[in-house]
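The values are calculated or read from the model by the stated rules, or taken from the named source; none is laboratory data. These numbers come from a predicted model, not from an experiment. Neighbour counts are summed over all protein chains in view; Cβ atoms, including those assigned to glycine, are modelled from backbone coordinates with ideal geometry.
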Amino acid sequence: MFYKTVVLRVFSFLYMYNYFLEHWVEITGTVLSLIYLYLSIKQKIGLWVFGFLSSALYVVVFWQSKFYADMSLQFYYLGVSVYGWINWKTGAHTSKNEIRIEKTKIKTAVLLFITTVIIYFIYFYILKNFTDSPLPKADSFTTALSIVATLMLARKLIENWLLWIIIDGVSGGLYLYKHLYPTAILFIIYTIMALVGYLQWRKAMTKT
C-alpha cells in the first residue's frame, strides 16, 4: 500500500511538472493577471506594469489557441497600460494622491455604447471572413466590451467593473470550451473579483 501511494505521488508530480512545462506561458500570465486584478481593486498604479507583462504573455497563448480577437486585444492592452500609467500619474487626484473615481456621464455612456457596437461588427466581420476562429460572435462580443472597459478603467470610471462582470463570465465559458483551464479558472475568479472591485470603488467614492 505504501509503495502504491509513493508511485501515485510520483506520477502526479511528473504530470503536474510536465503540464507546467507545456503551459508555463499561460500559467505565468494567469499569476500576473491575478496580481493585476488585486492592484486594480486596491487602486495601485503598479497594476499597469503587471497588466503589460501579462498581456505580452497572452499574445502567445491566444495565438496558439486561435483566439485571434483576444490576441489582438492584448496588443491594445499593451498600449492602454502605458496610457493608464500616465493618466493615473497626471490626472485629477484626491487628498490621498490617488486619481479620483468618477461615474460615467450619460453622454460618455452613449459614446462608449456606440463604440462597442462598431468594434463588435468590425471584429465579427474580420473573424468570420478571414480567420478560422471557432466562436466569432462570442469572441467579438468579449473583445469589444473589453476594449471599452479597459479604457474606462484607465479613466477610472466606476462602471468599468460592471462591464467586467459580464466580460469575465462569458470569457470563462469560452476558455473552458477551448480547454484553457488555467485561464478559465482565472476568469471565474475575475468575475467574482469584478464584483468586489465595484463594491470597493463605490465605498471609496463615498469617502472622497
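Data overview
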item: Near pairs, Cβ below 9 angstrom, 6+ apart or cross-chain, from the range 79-102 (at pLDDT 90 or above) to any residue that is exposed (fewer than 12 other Cβ atoms within 10 Å of the Cβ); result: 102/92
item: Members of the range 166-184 that are closer than 17 Å to residue 34 by Cβ, in a helix (DSSP H, G or I) and of a type outside the set (Gly, Ala, Ser); result: 167, 168, 175, 181, 182, 183
item: Top-ranked residue in the range 111-142 [being of a type in the set (Ser, Thr, Tyr) and farther than 17 Å from residue 170 by Cβ; ranked as modelled with the highest pLDDT]; result: 115
item: Filtered residues of the range 114-157 (kept if among the hydroxyl-bearing types (Ser, Thr, Tyr), under 20 Å from residue 77 (Cα atoms) and without any contact (Cβ under 8 Å) to a residue 40 or more places away in the chain); result: 115, 116, 120
item: Residue within the range 145-157 that is of a type in the set (D, E, K, R), farther than 27 Å from residue 203 by Cβ and crowded, with 18+ Cβ neighbours inside 10 Å present; result: no
item: Test: residue 75 is at pLDDT 85 or above, aromatic (Phe, Trp, Tyr) and more than 28 Å from residue 181 (Cα to Cα); result: no
